[in-house]
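Presented below is the structure to which this report refers.
The values are calculated or read from the model by the stated rules, or taken from the named source; none is laboratory data. Quick caveat: nothing in here was measured; it's all calculated off a predicted structure. Cβ atoms come from the backbone with ideal geometry, glycine included; neighbour counts cover every protein chain shown.
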Amino acid sequence: MSLLGGMGAGALGLFRRLRGLSSVAWAVLRLALSPGSWRRPVRTVLARQIVFTGVEAIPFLSLVAVLAGVAVVVQAQVWMSRLGQSELLGPLLIAVIVREVGPLLVHFIVIGRSGTAMAAEMAGMTARNEVKVLDAQGLDPLAYLVMPRAVTMAICVLCGSALFSVLALGSGYLVGALLGTGPGDPRLFVGSVLDGLVPGDFVSLLAKTLLPGLLIGVISCVEGLSVEGVATDIPQAVSRSVVRSNTAVLVVSVLVSLLMYL
Amino acid sequence: METILEFLEVSLRPSSHHMAEVEGATFRLAAGEAVVILVEEGREHLPLADAAEGLLAPSRGGVWFCGMRWEAMRPARQTEMRGRIRRVFERYGWVSNLDVVENVCLAECYHTARPLAEIMAEAESLARQFNLDGIPAGRPTRVPGPILRKLEWVRALMGRPALIILERPMLGAMRADLALLSAGVTRAMQAGAAVLWLASDRAEMEALTANVRRYRMEGPCLRVAGQEQT
């Protein structure tokens, strides 16, 4: 195959994958918005996934948030003060922590901790023929397996990002105050951060968490379910789901950032 | 009586080497009736159950469930219709990451608005009919095979299914429990369920005594094995 032919085949393959992913994501969204989809077992799956992906992730997420907060906020305080631009501290922290670093790090945590588990779980179920067992009992795998997991991812990434931002800013302030690098008065710090918030930041936070969160849920499940009944395919499916989820998060994040700044 | 399941000149091509071919199978199953097909042990898996549920499309002929051809239904409708079918699987029929009790009650919880306590009570009652102490706690992998097999019978007989498919239901079960199973199936038939029973041997084939038609597989073809008894 010629170089051009190879590139064309690659582009067509990518287009087909994107089309498949978009159609599953769209179907999941429609199911999620239909009250009839939320039957008892589906609600149970949602609750369990929220506990696993959201609640049980809080200690690790908090640790990362505190460390990131100390690293970013203290440095920002030092450099803004040296440059005589302390009044820009709030907007800078909002841009770095709330808009960019927070959602990205939370996505990476969720992909590493829950996306991999979901992909492995789905792949294992497919390899053991359990998806057919569900199908045979009239449980649509998309409605019972994929939809609640994708919705969980979206909810947990949104809530996790909000928690991450609060913890990072708070811990950064506390360490800054202890080291004497930041404003001693907490009201000054909080006021500076709140003054830096604009409505666009909330839109950005929603766009950078809900959409990619849903996508990583869909990707993790679809990659797992694509295993063709062979247990040895499970590691590859998990690996693919991590690579594709991270790619999706980065692409959506960059696109939203560009749209926000344009 | 309303026709629940109809196979008309159905041919099924195996999708794997573990599966047997079926050629021109024709039968009709009404509410309260049973069709028992002898699929002797050692034979490959017969994909009739999958075809009856619309999970496997025939290469020729058609399968109708409750008057509708599977291929003509939209996917959402197919899923909804499968909610009226209960099945004992020939192979492992459990979802590993759910507890046994959740597995047993899953279809009833999903497809009906019955209170959970009522569903659980029915499951416990059916379990006792099969000489079990109740529904065991924990995941299916921790439950011994013969008990798990009886729990599949419990699951298949729960609620008011239109069709019950028993795919070699005695595999892994105690031979002495056949009478318990046939009594349970007879009660379900009296309540209006149609039954498709893929039997492993003659004893299973003779287990039901009323409203039953018997067939056997001869190569890929379905042959009548006995006269209808009513």
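Numbers for the structure displayed
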item	result
Residue in region B:94-107 that is among the aromatic types (Phe, Trp, Tyr) and farther than 23 Å from residue A:123 by Cα present	no
Condition check for residue B:127: more than 9 Å from every other protein chain (Cβ to nearest Cβ), under 22 Å from residue B:186 (Cβ atoms), part of a helix (DSSP H, G or I) and touching a Cys at 6+ places or on another chain (Cβ under 9 Å)	no
Region A:37-53 residues that are more than 13 Å from chain B (Cβ to nearest Cβ), paired with ones that are hydrophobic (A, V, I, L, M, F, W, C) (beta carbon under 7 Å, 6 or more apart)	A:46/A:151; A:50/A:155; A:50/A:156; A:53/A:110; A:53/A:153; A:53/A:156
Unique residue being in a helix (DSSP H, G or I) and either aromatic (Phe, Trp, Tyr) or more than 26 Å from residue A:99 (Cα to Cα) (or both) when the list is A:69, A:54, A:13	A:13
Checking residue A:124 against (1) surrounded by 20 or more Cβ atoms within 10 Å (Cβ to Cβ); (2) more than 10 Å from the chain's Cα centre (by Cα), the condition it does not meet	(1)
Scope region A:128-181; condition farther than 30 Å from residue B:88 by Cβ, out of contact with any Phe, Trp or Tyr (no Cβ under 6 Å at 6 or more places or on another chain) and hydroxyl-bearing (Ser, Thr, Tyr); matching residues	A:152, A:161, A:165, A:171, A:181
Residue match in region A:151-161 (condition: crowded, with 21+ Cβ neighbours inside 10 Å and more than 26 Å from residue A:211 (Cβ to Cβ))	no
Checklist (1) modelled with pLDDT under 95; (2) touching a Leu at 6+ places or on another chain (Cβ under 7 Å) applied to residue A:143, failing item	(1)
Pairs, first under 12 Å from residue A:88 (Cα atoms) in region A:178-202, second part of a loop (DSSP other than H, G, I, E, B), C-beta under 8 Å, six or more apart	A:189/A:182; A:189/A:183; A:192/A:183
Options A:66, A:51, A:28; residue that is farther than 16 Å from residue A:172 by Cβ and surrounded by 15 or more Cβ atoms within 10 Å (Cβ to Cβ)	A:28
Filtered residue count, region B:83-124, keeping only those that are small (Gly, Ala, Ser), assigned to a helix (DSSP H, G or I) and surrounded by fewer than 16 Cβ atoms within 10 Å (Cβ to Cβ)	2
Tally of residues being surrounded by fewer than 15 Cβ atoms within 10 Å (Cβ to Cβ) and within 29 Å of residue B:190 (Cα to Cα) across region B:3-29	2
Matching residues, region B:30-51, being in contact with a helix residue (DSSP H, G or I) (Cβ under 9 Å, 6 or more places away or on another chain), of a type in the set (A, V, I, L, M) and within 14 Å of chain A (Cβ to nearest Cβ)	B:49, B:51
Any hit, region B:108-121, residues being within 14 Å of chain A (Cβ to nearest Cβ), of a type in the set (A, V, I, L, M, F, W, C), in contact with a Pro (Cβ under 8 Å, 6 or more places away or on another chain) and over 19 Å from residue A:140 (Cα atoms)	no
Where residue A:227 falls short, out of the listed (1) assigned to a helix (DSSP H, G or I); (2) touching a helix residue (DSSP H, G or I) at 6+ places or on another chain (Cβ under 6 Å); (3) at pLDDT below 95	(1)
Residue ranges of helices (runs of 4 or more DSSP H) in region A:98-200 with at least 3 members within 28 Å of residue A:255 (Cβ to Cβ) and within 14 Å of chain B (Cβ to nearest Cβ)	A:116-127, A:147-179
Any hit, region B:68-86, residues being more than 13 Å from chain A (Cβ to nearest Cβ) and in contact (Cβ under 8 Å) with a residue 40 or more places away in the chain	no
Verdict on residue A:253 being part of a helix (DSSP H, G or I), of a type in the set (Ser, Thr, Tyr) and modelled with pLDDT under 90	no
Residue in region A:168-194 that is surrounded by the most Cβ atoms within 10 Å (Cβ to Cβ), counting only those that are hydroxyl-bearing (Ser, Thr, Tyr) and closer than 26 Å to residue A:59 by Cα	A:173
Residue check for residue B:103: within 24 Å of residue B:183 (Cα to Cα), more than 14 Å from chain A (Cβ to nearest Cβ) and not small (Gly, Ala, Ser)	no
Of residues in region A:1-10 being assigned to a helix (DSSP H, G or I) and surrounded by fewer than 12 Cβ atoms within 10 Å (Cβ to Cβ), the one nearest to the other protein chains (Cβ to nearest Cβ)	A:9
